[in-house]
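Here's the structure we're looking at; comments come further down.
The values are calculated or read from the model by the stated rules, or taken from the named source; none is laboratory data. Every value quoted in this text rests on a predicted model; they were computed, and no experiment measured them. No Cβ is skipped: glycine too gets one built from the backbone with ideal geometry, and neighbour counts run over all protein chains shown.
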Amino acid sequence: MDVYFDNAASTIITKEVLDEMIKCQKDIFANPSSVHKFGRKAKTIIENCRSIISSKLKTSPGNIFFTSGGTEGDNMAIFSIARSKKIKNIITSRIEHPAVLQPIEHLMKNEKIFSHFVDTDKNGNIDYQHLSCLLSKFESNTLVSLMHANNEIGIINDIKKIGEICKKNNAFFHSDAVQTVCHYEIDLSAIYINSIAASAHKFHGPKGVGFIYLSEDTMIDPYIFGGGQERNMRAGTENISSILGMTKAFEIAYKNLEEESKYIYSLKEYMVEKLKNEFSGISFNGLSEFSEKSLNTVLSVNFPKSKSSEMLLFNLDIAGVMCSGGSACSSGTQIKSPVLSEINPEFDGKTVRFSFSKLNNIKEIDYTISVLKKLIL
């Protein structure tokens, strides 16, 4: 039996999405920048997709720009806002995705921008009072980049609250929303936020496509030059079939959002109880047991150190259970990630991230538990 519990890394593309993309590849061959009939047809598809996405997020189509995914979206927001707005200070956290931390590190080293880290507690929760304190030190030209939810431990940040703090201090606010778009309702009209990044393959769409939201008052310079695509913000001929596939996945997700969210959480809840009942000495990262404060899709589990723990991920894979530790794996071993080191520096056991989707079921959890019982000695 093969079990795929690595949905935080990438989800399975659904048949409906794939069918839509194949049809587009066959029928829509023209460049959407061409002014002839076929070009206009291609352009219409892209603009319809933009309207569908913006409508669900309660914003204007003009605020949505298509990208190659979350990494480009984070880089685009951070670099473009920093340079266009002459940012002097950037505030972030140590548990952000590398697509956020590495651009900030580059700006710090090469463009004389100072970076500052907001405190987080042992569960990864942002210290909002410390964020306010940091912002109060800077009069202007500050960018805050804090993710909506962490991909490794599942902790959810209150981006509305962060936005209010940023607005009060005249700061720009970007959020990596890769793990929450199409998993949670996001009303951009009700949040003070300048940009968010999203990626299609996190919600059963294709890889290599995503989008960035830029608020109407966030006028920035282009990130990629060479053409007038995406209203001069992101040059390059648009990937029409992938944009269409992403939008189809987006529509499907929002159509059944509440029902599927409850179902996914029920899987997580079931696995938490099974793990508690079957194993002693385990713990969970990022308040993973509580739905209102953590992703329903992510369960980060600490297994105590034992003679079998070092090869646990490798042996799970051999048994057909595909999951991760939240960081890069090589030859069946795991280097502890910066996120896990930050929240739990003393832990020397093995952390496993199980991440769920609507395509998983209880039988798969039961099988995984049975495998773990054989592996953990």
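Odds and ends about this structure:
- Residue ID - nearest to ILE365 (Cα to Cα), chosen from residues in the stretch 259-279 that are exposed (fewer than 15 other Cβ atoms within 10 Å of the Cβ) and polar (S, T, N, Q): SER266
- Residue within the stretch 15-26 that is of a type outside the set (Lys, Arg), assigned to a helix (DSSP H, G or I) and closer than 19 Å to HIS183 by Cα present: yes
- Conditions (1) modelled with pLDDT of 95 or more; (2) under 23 Å from THR44 (Cα atoms); number of the one not met by ARG231: (1)
- Residue within the stretch 211-222 that is free of Cβ contacts under 8 Å to residues at least 40 places away in the same chain and more than 26 Å from SER337 (Cα to Cα) present: yes
- Residues within the stretch 21-64 that are crowded, with 20+ Cβ neighbours inside 10 Å and in contact with a Lys or Arg (Cβ under 7 Å, 6 or more places away or on another chain), tallied: 2
- Within the stretch 83-130, tally of residues that are closer than 30 Å to ILE64 by Cβ, basic (Lys, Arg) and part of a helix (DSSP H, G or I): 1
- Residue selected from the stretch 109-134 under the condition under 11 Å from ARG94 (Cβ atoms) and small (Gly, Ala, Ser), by the criterion surrounded by the most Cβ atoms within 10 Å (Cβ to Cβ): GLY124
- Considered as a group, the residues in the stretch 39-82 that are of a type in the set (Ser, Thr, Tyr) and not in a helix (DSSP H, G or I) include one that is farthest from LEU214 (Cα to Cα), and that residue is SER68.
- Criterion (within 16 Å of ASN150 (Cα to Cα), in contact (Cβ under 8 Å) with a residue 60 or more places away in the chain and either under 14 Å from the mean Cα position of the chain (by Cα) or surrounded by fewer than 24 Cβ atoms within 10 Å (Cβ to Cβ) (or both)) met by exactly one of ALA198, ALA177: ALA198
- Residue match in the stretch 226-245 (condition: part of a strand (DSSP E or B) and either surrounded by fewer than 19 Cβ atoms within 10 Å (Cβ to Cβ) or outside the structural domain of GLY70 (by TED's automatic domain parsing) (or both)): no
- Criterion applied to ILE191, ILE162 was being out of contact with any strand residue (DSSP E or B) (no Cβ under 8 Å at 6 or more places or on another chain), farther than 17 Å from THR71 by Cβ and not aromatic (Phe, Trp, Tyr), and the one residue passing it is ILE191.
- Hey, ILE162 in a strand (DSSP E or B), buried (at least 17 other Cβ atoms within 10 Å of the Cβ) and under 20 Å from the mean Cα position of the chain (by Cα) or not: no
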